[in-house]
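Bear in mind these aren't lab numbers, they're just calculated from the coordinates by the rules spelled out. Here the structure is a predicted model, which means the values were calculated and not measured. Counting neighbours? That spans all protein chains shown, and the Cβs are built from the backbone with ideal geometry, glycine included.
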Amino acid sequence: FALDWAENGKICVEKYQAAEPGYYDAILMDLRMPEMNGLEAARTIRAMSREDASRIPIIAMTADAFEEDRQKALRSGMDGHLSKPIEIDRLFEALDELLD
């Protein structure tokens, strides 16, 4: 894997927007970030007019582990929800499922 790190949701959105369509295969998104949280960032990405914005897998990675939190993530346009601490096997399963 090659990873890019974004300190907050605003930077994540900016990096995604600046990249060529198809550059990123998936986005792993924390929900609790300064400036723009993960829910807002996911909604912003999904609203973009670029060709890959509606289909890039976005997975929430968060300490917010209740069903209500999972539903909020899905409603914001995310494709999956993993609670912290992240189990690497679950992460790989989610990526394998979404990247097929």
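Quick rundown of the values:
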| read-out | value |
| --- | --- |
| Normalised alpha carbon radius of gyration of the chain [divisor 2.2 N^0.38 Å] | 0.99 |
| Whole-Hz ³J(HN,Hα) from phi, Karplus 6.51 cos²θ - 1.76 cosθ + 1.60, for segment 83-90, glycine and proline x | 8, 7, x, 6, 8, 4, 4, 5 |
| Within a Gaussian network of the chain (alpha carbon springs, distance under 10 Å), most fluctuating of Asp64, Asp89, Asp30 | Asp89 |
| Residues with amide H under 5 Å from that of Ala60, placed H, sequence gap 5 or more | Met29, Asp79, Gly80, His81, Leu82 |
| Within segment 1-79, trypsin sites (Lys or Arg not before Pro) in DSSP loop having at most 13 other beta-carbon neighbours inside 10 Å | Arg32, Arg55 |
| Residue with peak Gaussian network fluctuation, the chain [Cα springs, cutoff 10 Å], from Ala73, Ala18, Ala41 | Ala18 |
| Phi to ³J(HN,Hα) by Karplus 6.51 cos²θ - 1.76 cosθ + 1.60 over segment 37-49, Hz, x for Gly, Pro | 6, x, 5, 5, 5, 5, 4, 5, 4, 4, 7, 5, 8 |
